[in-house]
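See below for the structure under consideration.
Laboratory data are not the source of any read-out in this text; all were calculated from the coordinates shown. Just so you know, these numbers come straight off a predicted model, no measurement behind them. Here the Cβ positions follow ideal geometry from the backbone for every residue, glycine too, while neighbour counts run over all protein chains shown.
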Amino acid sequence: MLDELGKVPSRAAPAIAEALERRILETYDAETNAYGRAWADYAPASRRRGRDNPMLYETGGMRDSIQVLPAAGAGVRIVWDMSSAGLGGNPGYPGLHWLGTRYMPARAWLPDNGMPATWRADIKRIIAETFKKR
């Protein structure tokens, strides 16, 4: 899926990590997947129970735990720390939202069908800027 992120040159990795983290958080805040498709709305039963906050943002812990970091050597990695997010350290919790369940539609914030064009453009631009001749 995102194997290409492991091939990011180390010199460009910090700037690429920053750009991709910004893309992920923009996607999350816009309530869309990485390709711009809107997440499913709350179920009518959830609305009746008073659910009206932004989706996947009851406390903000899951969103705020998402990080994109330069990897050792080369590449970037996407991580989230559920223990610091106040979610009991359950690493499967984001997966329930990302993949969906029998009772809840998927609300993916990471790409699941190849590298989005916007991510690819950011990576190419940053690599070109990083390695341009002076």
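Using Stokes-Einstein with the Kirkwood hydrodynamic radius over Cα pairs, what translational diffusion coefficient do you get for the chain at 25 °C and a viscosity of 0.890 mPa s, in µm²/s rounded to a whole number?
This corresponds to a translational diffusion coefficient of 153 µm²/s.
For Leu2, which sequence-distant residues (separation of 5 or more, or a different chain) have an amide H within less than 5 Å of its own amide H, given hydrogens modelled in the peptide plane?
Long-range HN contacts for Leu2: none found.
Select from the range 19-86 those trypsin sites (Lys or Arg not before Pro) which occupy a DSSP coil region and have at most 13 other Cβ atoms within 10 Å, ordered by residue number.
Qualifying residues, ordered by number: Arg37, Arg49, Arg51.
Test of understanding: given the chain, find the longest segment containing no chymotrypsin sites (Phe, Trp or Tyr not before Pro) that are in a DSSP loop and have at most 15 other Cβ atoms within 10 Å.
58-102
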